[in-house]
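Beneath this line is the structure, given in structure tokens, with notes to follow.
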Amino acid sequence: MGVDDLLQLTLADAAAALEAGRLSSLELTTAYLERIEKHDPALHAYLYVDREGALERAAAADTRYRESHQRGSKQPKTPLLGIPIAVKDVLCVAGMPCTCGSRILEGFIPPYHATSVARLWEAGAVILGKTNTDEFAMGSSTENSAYGATRNPWNIDRVPGGSSGGSAAAVAGRLALAALGTDTGGSVRQPAAFCGVTGIKPTYGRVSRYGLVAYGSSLDVVGALGRDVRDSALLFGAIAGNDPRDSTTAEAAVPEILLEDSPELAGVTVGVPDEYFIEGIQPEVEARVREALETMEQLGAAVERVRMPHTEYAVPVYYIIAPAEASANLARYDGVRYGPRVAAEEMWEVLRGTRGEKFGPEVKRRIMLGTYALSAGYFDAYYGQAQKVRTLIRQDFEQAFEQVDVIAAPVAPTTAFGFGEHTEDPLSMYLEDVFSLPANLAGVPGVTVPVGFDAAGLPVGMQLMGPPFGEASLLRVAHAYQTVTDWHRRSPPDPV
Ligand code: GLN
């Protein structure tokens, strides 16, 4: 197999080729490492690449394949054995630096794996390295990374989205076969949309947060980015499930995700909320999503309008709750326990010096916002009120799901924007999240599928949202769409 063909393989194809002995993990992993070396300087998707570790893991996977072939064992190995995967730099991988895109964690090397990473590891995956992110996952463009932004493989003058922009750019740019990301307010779905890949944000509590550096603990979830629904579902299936180390993970068993290749949507009702097609949305985004809905109708789905009247409050509610939780979670970075320390005579000076110097401006802004919202005298007016409205947003979903099976909407109001377009005005950046935040506030699963391009050649994504723990049927619907479309098969030209 030529290197170019090899890099076009999906995870599912690569797994089949490895299993059949037509491909070795060493060939596959080397192809990715070489491509990273060649193209990552232009994209900056990675903060850390573990070349040696990856090659070792690949060789070990090949040994396992060989042994099982010799024994003639028909025992199915996990589809991730020998597959090169990238991990967002907010998840702990033992022995690899974990910076969260922040100077305050520079040099921190966790001694343990996050549960999601441990599950990939046990499945035999090859971890290529750690991908770039907005500092502590706070942002929508990777411009808040202390180590420089990632570039969008479709146009290097555009952002890849965020905060899992490194993971999305790595998958789109063929610098990883698939990647883990995290989604607190859209950070898997929005970069997947901006980079033209498929991304799954699972139900809150479906995937363990153990070893995920906390941002907004009532919102954070680990998700998967891949070339298509099947690949993302394989990764999701490997990381999902109860974990005694995270008491918020659900007991519910993870159903097997069966994706048939029959493009059949008869009996499925798709809800389209008016509130997600508001003024200010880029017309091509709306047009592509509406075309995708027509395709789903042709497959037999019934498309219905639904009302989700509290959608407009998602931005203010999220930007109280997430910073409030962040202000508590980030209190532990004091220059004593992790990372670098700014030396001083007096303890408070160490704290002030370290936090003042090592946190970036967006993180400081959120810590201040959150601390204010939680302070005595303001708590009821801001945090308490936001929690009440969060309930109303969740009820919008509950009511909609009494009527429809999935909700379809744009992921973001625009395609990938330019660098610096929103950095001067944080509020305009927050408004970019208007369509992705509700799913987090309600805890429901969502998946981004590519549905075409705008006139500038930038990908447009549609998000499908389902009821809590309804990933299996949600992914079946998303997969049916991909069996009759090929937007997810397009890849950008090599960056120059
Ligand atoms: N863009 C949102 C924020 O800045 C969401 C980020 C995320 O999902 N991690 O908080």
R158, R103 arranged by Cβ crowding within 10 Å, fewest neighbours leading: R103, R158
Give me the one-decimal nm value for the distance between modelled label points at A252 and A343, 7 Å along each residue's Cα-to-Cβ direction. 5.4
Subset of K130/K358; K364/K388; K38/K88; K88/K358; K38/K130 violating a 23 Å alpha-carbon distance limit: K364/K388
From the convex hull of the Cα coordinates of the range 64-158, what is the mean projected area in square nanometres? 8.0
Residue among T10, G129, V222 farthest towards the positive dipole end of the chain, charges placed on Cβ: G129
Would you compute, for the Cα atoms of the range 426-488, the largest minus smallest coordinate along each principal axis and list the three values in descending order, in whole Å? 38, 35, 9
Can you give me the C-alpha center-to-center distance between the range 221-277 and the range 101-127, rounded to a whole angstrom? 23
So how compact is the range 222-296: Cα radius of gyration and Dmax in angstrom? 17.1, 46
How large is the dipole of the range 380-496 about the Cα centre if only Lys and Arg carry +1 and Asp and Glu carry -1, each at its Cβ, rounded to the nearest 20 debye? 340
Dividing the convex hull volume of the alpha carbon atoms of the chain by its residue count, what do you get in Å³ per residue? 140
How do the peptides 25-33, 175-183, 222-230 rank, highest first, by the average count of neighbouring beta carbon atoms within 10 Å per residue? 175-183, 222-230, 25-33
For the range 326-472, what is one quarter of the convex hull surface built on the Cα atoms, given in nm²? 12.8
About the Cα centre of the chain, how large is the charge dipole given +1 on each Lys and Arg Cβ and -1 on each Asp and Glu Cβ? Please answer in debye to the nearest 20. 1140
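No lab work stands behind these numbers, since they all come straight from the coordinates. Here the structure is a predicted model, which is why all the values come from computation and not from measurement. Note that each Cβ is placed from the backbone with ideal geometry, even for glycine, and that neighbours are counted across all protein chains shown.
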